[in-house]
Amino acid sequence: MNTPGEDRHNDITLRILDQIKSDSSLTQRSISSSLNIALGLVNVYIKRLAKKGHIKITKGPMNRVKYALTPKGFAHRVDLTYNYMQSSINYLRDARTRIDNIYGQMIEAGVKDILIWGDGEIAELSYISMRGLPLNLVGVVDGKKAEKAFFGHHIYAYEDVPNLDFDAVLVASFSKKELKQIKKLGIEDRKIFSL
């Protein structure tokens with residue numbers, strides 16, 4: 001398993017190789033802009049990829065630079081893609097285990113009606129994991145209200161929460177900043193279940 005620094009390095013490398021594969025005449029500035037990383041960092045990665053033989057750099061008319069993925073670079077891109085997919089699967093597996101453990105704690109505590117806090121991928125996985133359990137989803141809490149926008153359930157705004165009837169809140173995020181918003185609303189600690 002890679003360290004977070006290695007994962008970031010591999011992610012940037014893969015994204016640069018993907019960009020080069022899709023457009024060989026792009027500039028380092030356009031790569032920097034589309035990947036939202038510093039131009040100098042793109043330059044370092046391009047030089048490193050060329051030195052390792054993953055890309056070939058050629059000069060065209062008017063000093064335009066073209067990049068080409070080499071067979072070695074293509075193989076490296078495939079390896080990075082495979083590692084990225086494995087990392088994603090492991091992340092989802094870990095998230096699913098954490099969600100299942102929290103649901104077990106909720107059921108043991110007698111919780112029936114829950115709110116899911118957040119509407120991202122973790123919230124979706126939380127909803128899918130809840131199916132077949134003796135739990136009822138009251139709705140999802142996010143910044144903006146929307147009717148039946150989350151698998152047929154309402155998305156409530158923060159200010160709606162005090163008027164809702166629920167036994168617990170599942171914080172569907174690995175970020176601790178969500179807890180501050182929940183505490184502002186005066187929700188009791190015993191009702192908060194955090195991943």
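Taken together, the values in this text are just the output of simple stated rules run on the coordinates, not laboratory data. Being a predicted model, the structure only gives us computed values, none of them experimental. Virtual Cβ from ideal backbone geometry, glycine too; neighbours counted across all protein chains shown.
Amide H neighbours of V171 under 5 Å, at least 5 residues apart or on other chains, H built in the peptide plane: list them.
For V171, whose amide H was placed from the backbone, the distant partners under 5 Å are W117, F193, S194, L195.
Give the average over all directions of the projected area of the C-alpha convex hull of region 4-88, one decimal, in nm².
Mean orientational projected area (region 4-88, Cα hull): 5.5 nm².
Which value in deg cm²/dmol, rounded to the nearest 500, describes the helix-derived mean residue ellipticity at 222 nm for the chain, given -39,500 (n - 2.57) per DSSP H run of n ≥ 4 and division by the residue count?
Helix contribution divided over all residues of the chain: -16500 deg cm²/dmol.
What is the sum of charges around S87, taking Lys and Arg as +1, Asp and Glu as -1, for the other residues whose C-beta is under 12 Å from the C-beta of S87? Numbers along the way, then the final one.
Numbers: positive: R8, R93; negative: E6, D7, D11, D94.
Residues close to S87 contribute a combined charge of -2.
Relative contact order for the chain: what percent, with Cα pairs under 8 Å and sequence separation of 6 or more?
Values: 230 pairs, mean separation 28.9, N = 195.
Relative CO of the chain lands at 15 percent.
Please give the helix 71-108 orientation as an angle from the longest Cα principal axis of the chain, in degrees from 0 to 90, rounded to the nearest 10.
10
Spelling out what I want: for every residue of region 176-184, take phi, set θ = phi - 60°, compute 6.51 cos²θ - 1.76 cosθ + 1.60 (Karplus), and round to whole Hz; glycine and proline get x.
Coupling constants for region 176-184: 7, 5, 5, 4, 4, 5, 5, 5, 4 Hz.
So for each of 22-32, 52-62, 66-76 I average, over its residues, the number of other beta carbons within 10 Å; can you give me the resulting order with the highest mean first? Each step should come with its number before you reach the end.
Working: 22-32: 14.3, 52-62: 12.5, 66-76: 15.9.
Packing proxy ranking, top to bottom: 66-76, 22-32, 52-62.
Taking Cα atoms, how many degrees apart are the long axis of helix 39-51 and the longest axis of the chain, rounded to 10 and kept between 0 and 90?
Compared with the principal axis, the helix lies near 60 degrees.
Straight-line reach from K51: which lysines have a Cα under 21 Å away, not including same-chain ones fewer than 8 places off?
Partners within reach: K21, K59, K66, K72.
Of the chymotrypsin sites (Phe, Trp or Tyr not before Pro) in region 111-195, which ones lie in a loop per DSSP and count no more than 14 other C-beta atoms within 10 Å?
Counting only loop positions with at most 14 other Cβ atoms within 10 Å, the chymotrypsin sites (Phe, Trp or Tyr not before Pro) in region 111-195 are F151, F174.
Using only the alpha-carbon atoms, what does region 84-143 span along each of its principal axes? Please give whole angstrom values in decreasing order.
38, 29, 16
Which of L179, L35, L137 moves the most in a Gaussian network model of the chain with Cα springs under 10 Å?
In the Gaussian network model the winner is L35.
Under a cut-off of 29 Å between alpha-carbon atoms, report the lysines in cross-link reach of K183, not counting same-chain residues fewer than 8 places apart.
Of all the lysines, those that pass the test against K183 - Cα under 29 Å, at least 8 places apart if same chain - are K112, K144, K145, K148, K191.
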